[in-house]
Amino acid sequence: DEVVKGIEDAIQFAPLHNPAHLIGIKEAFKLFPHLKEKNVVVFDTAFHQTMPEHAYKYAVPHELYEKYGLRRYGAHGTSYRFVSDETARFLGKDKKDLRMVIAHLGNGASITAVANGESRDTSMGLTPLEGLVMGTRSGDIDPAVFSFLAENANMTISQITEMLNKKSGLLGISGLSNDCRTIEEEAANGHPGAKLALEMFIYRLAKYIGSMTVAAGGLDALVFTGGIGENSDIIRERVLDYLGFLGLHIDQEANLKARFGNAGVITTTDSKAVAVVIPTNEELMIAHDTARLSGL
Ligand code: AMP
């Protein structure tokens, strides 16, 4: 009950996610009352607790952190934990020797710098709104947008928040859809909104890969995962087109093969680092944690 209360108290940090999880937990208690003694909650923020202070703090008055917990928490940590271990295994290396930049690209999208097996920085912040262009979320935006729209468009804070979370990103730019497959198809048909949405998604991602390379202290492996990362050869190729200056060059054939659950290195052997596709498995990670923490 104490943990459930803690998750309720943290709703403000993940307004789209925590209430849904609480419904699951409470319904599970009703359906399986005999399991109430041993339950495990796996937090998607936990992996990012190793971020250094200069990465997790915002450049705002310190008391806001002390009083309200205003800081960057990140998300997709369960996926990053699985994928960083799996990348090391796939490449036959010790994760302590790998500087990785991992892009988890699904309907929600984020990117994390991992060194020594630990998160060093990530693109999501106080809530999962910060960072990359996503299916329906804007990602990074000038915070002055709030006062600008309040004054010029007569919008309330909650209307602006909803617009940035649910009506922006691929959906908002294209005016068509939040689904990456639709955006790719319509961009290929020449739809201007879809073409721009795709380019903005790719450009923002490439910019972030550059900055996460700084956070990781260099780059040994760039990793793509999530529904888009695991399947969109088009996005991977166009992101790598931006990254030639880092010594990454695409292997076209390997890129086309790494789809539908197939892992693979997608860069040429003369590249200075590898780009690799690694399917994520958050459910397996949660099952492992549950077994370990409940002493099974
Ligand atoms: P996820 O949230 O990880 O399930 O990922 C969902 C996203 O992956 C959606 O935007 C899908 O359109 C995208 N996706 C799934 N399959 C493909 C594909 N073959 N090509 C491009 N995007 C895909």
Check: Among all residue pairs at least 6 apart or on different chains, which show Cβ distances below 8 Å where the first residue, located in the stretch 172-185, is over 12 Å from S232 (Cα atoms) and more than 9 Å from the ligand (Cβ to nearest atom) and the second is aliphatic (A, V, I, L, M) and not in a helix (DSSP H, G or I)?
Finding: I173/V133
Checklist line | Meets criteria (in contact with a strand residue (DSSP E or B) (Cβ under 8 Å, 6 or more places away or on another chain), among the small types (G, A, S) and surrounded by fewer than 16 Cβ atoms within 10 Å (Cβ to Cβ)) for G210 | finding: no
Notebook entry, point to check: Residues in the stretch 115-126: is at least one within 18 Å of the chain's Cα centre (by Cα) and within 16 Å of the ligand (Cβ to nearest atom)?
Noted result: yes
Next item on the list: Using the structure shown, decide if Y58 is hydroxyl-bearing (S, T, Y), at pLDDT 95 or above, under 20 Å from the mean Cα position of the chain (by Cα) and not in a helix (DSSP H, G or I).
Entry: yes
Next item on the list: Collect the residues in the stretch 230-269 that are in contact with a Pro (Cβ under 9 Å, 6 or more places away or on another chain) and either away from the ligand (no atom under 11 Å from the Cβ) or small (G, A, S) (or both), keeping them in residue-number order.
Entry: G261, N262, A263
Item checked: Boolean, F47 is in contact with a helix residue (DSSP H, G or I) (Cβ under 6 Å, 6 or more places away or on another chain) and in a helix (DSSP H, G or I) -> yes
Checklist line | Filter result (out of contact with any helix residue (DSSP H, G or I) (no Cβ under 9 Å at 6 or more places or on another chain) and among the β-branched types (V, I, T)) within the stretch 4-25 | finding: I23
Next item on the list: Report whether or not T225 is closer than 22 Å to K272 by Cα, within 12 Å of the ligand (Cβ to nearest atom) and buried (at least 18 other Cβ atoms within 10 Å of the Cβ).
Entry: yes
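I'd like to know if the stretch 196-203 contains one or more residues that are hydrophobic (A, V, I, L, M, F, W, C), farther than 30 Å from L222 by Cα and surrounded by fewer than 17 Cβ atoms within 10 Å (Cβ to Cβ).
Step one: of the stretch 196-203, the residues hydrophobic (A, V, I, L, M, F, W, C) are 196-198, 200-202.
Subsequent filtering for residues that are farther than 30 Å from L222 by Cα retains none.
No, that holds for no residue.
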Margin query: With the requirement that a residue be over 20 Å from the mean Cα position of the chain (by Cα) and either crowded, with 19+ Cβ neighbours inside 10 Å or of a type in the set (S, T, N, Q) (or both), what does the stretch 149-183 give you?
Written below: N152, N154, T156, S158, Q159, S174, T182
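The values are calculated or read from the model by the stated rules, or taken from the named source; none is laboratory data. Keep in mind that this is a model prediction, so the values were computed, not measured. Note that we place each Cβ from the backbone using ideal geometry, even for glycine, and neighbour counts take in every protein chain shown.
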